[in-house]
C-alpha cells in the first residue's frame, strides 16, 4: 500500500511507538502505544502513589500530556513501547517498554542490555498479577527474539515494595544500590534466565 502524505502522517500518529509487535498473554494484550493513549493515562499520572511507583520521586510540576509524550517519545525511539490492554474489559490499563540501555552505569562493553520501565496505571488493578504477566512475557521476547544478554529494572525506590517483589519474583536481583540505599538497580542475566526456563 502506498501512503499519501496525509495517510502516512495519520499512520505515524496512530502508531506512536513506531513498531508493529502485538502479543497476547493469558489476561492481557500488548500492542504498540498510540498517541491517543496519553489522554487515557493522564488522570492516573496525577495520582501521587502511581507517580512514586513510576518516577521514584515527586515531579516539580503537574504531569501533562506533553510531559508524558516527551518522556515516552524517548523510550519509543530507544526500544519497544507497548500499551497494556486488559482482555476482559478491553481497557488500556498501563504501559511497558523494552528500552535499549541508556544509562552509562549499566552499560557493559560487548553486551546487549535492555531496561524495562513498566506501569499499571489503575491502582485498583494492582496485585492481580498483571505486572508479572507483562514482565515474564517481555522477558521471554527480549532474551529469545532480541537475543539480549541482560535485562534491568532501574531506579526502583527502596520503599516501593510492590515493584521490588515483582522484579524479584521474575528472577531479578539487586545489582546496584543508589543514593545511600534509597533506590536500587536490579538485573537478570541470560545465564540466569535460561536456568529458570
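When every alpha-carbon pair in the chain is counted, what percent end up more than 29 Å apart?
21 percent
Show that you can apply the helix-only estimate: for the chain, add -39,500 (n - 2.57) for every DSSP H stretch of four or more residues, divide by all residues, and state [θ] at 222 nm to the nearest 500. Numbers along the way, then the final one.
On the way: 7 runs with 71 residues, N = 197.
Calculated from helices alone, the mean residue ellipticity at 222 nm is -10500 deg cm²/dmol.
By average Cβ neighbour count within 10 Å, what is the ranking of 138-146, 86-94 from highest down?
Per-residue mean Cβ counts within 10 Å order the peptides as 138-146, 86-94.
How many nm separate the modelled label positions at residue 47 and residue 190, each set 7 Å beyond the Cα in the direction of the Cβ?
3.8 nm
No lab work stands behind these numbers, since they all come straight from the coordinates. All values reported here derive from a predicted model rather than from experimental measurement. Neighbour counts are summed over all protein chains in view; Cβ atoms, including those assigned to glycine, are modelled from backbone coordinates with ideal geometry.
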